[in-house]
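Every number here is computed from the coordinates shown, using simple stated rules; none is lab data. None of these values were measured; they are calculated from a predicted model. For neighbour counting, all protein chains shown are included, and Cβ atoms are generated from backbone atoms with ideal geometry for every residue, glycine included.
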Amino acid sequence: GRPRGALFLWSGHAPDMRRRKLAGMRHVLAPLLCALALLAPSAGAEPFSLVVVGDNPNGQPAARVPAYRALIDQINATAPRLVIHVGDIKGGGSPCTDALLAERRALFDLFTGPVLYTPGDNEWSGCFRVTEDPRDGLERLAHLRGLFFADPAWSLGQRPLPVVHQGA
């Protein structure tokens, strides 16, 4: 009597880098998947599916955004019950500007289902290393929280879910 489900993983990196990145994410994914298993529907209910994505749209914005929009369309077509984005929505060398983060936030609004997002290091802690317009990491984290977690009691996406968060 276990629910059937599907898990799709996507990373914008080459296969070897993707394997290393996914291996490094196991400390995040394992507890999350255990928690999701507790929330899974009971036996006989419809299948539970989720998508885990990260490192998108990493790299140069002009080059990656169209491919990421196509990926979002593919994800929406499968209608998963949940999308989890594990961060790095911009490249490490990309500017840490309000405009770029707002563009990335708008992409999250394209997901038709609920989206849980965990910021990656490129979004805030590495911003001091950006040669063009370096930024303070803590200031960037505060901005990121305001932009992506304005109401931390709800997920992102067009059909948000209520969430319990550490700040509560």
Sorted by average packing, counted as other Cβ atoms within 10 angstrom per residue and highest first, what order do 65-73, 157-165 take? 65-73, 157-165
Once phi is turned into ³J(HN,Hα) by the Karplus curve 6.51 cos²θ - 1.76 cosθ + 1.60 with θ = phi - 60°, what whole-Hz value does each residue of the range 120-134 show in order, with x for glycine and proline? x, 5, 5, 6, 8, 6, x, 5, 6, 7, 5, 5, 8, 6, x
About the Cα centre, charge dipole magnitude for the range 92-168 (Lys/Arg +1, Asp/Glu -1 at Cβ), debye: 220
Order 75-88, 142-155 from most to least packed using the mean count of other Cβ atoms within 10 Å. 75-88, 142-155
Note, ³J(HN,Hα) from phi for the range 64-79, Karplus 6.51, -1.76, 1.60, rounded to Hz, x at Gly and Pro: 9, 4, x, 5, 5, 4, 5, 5, 4, 4, 5, 4, 4, 5, 7, 6
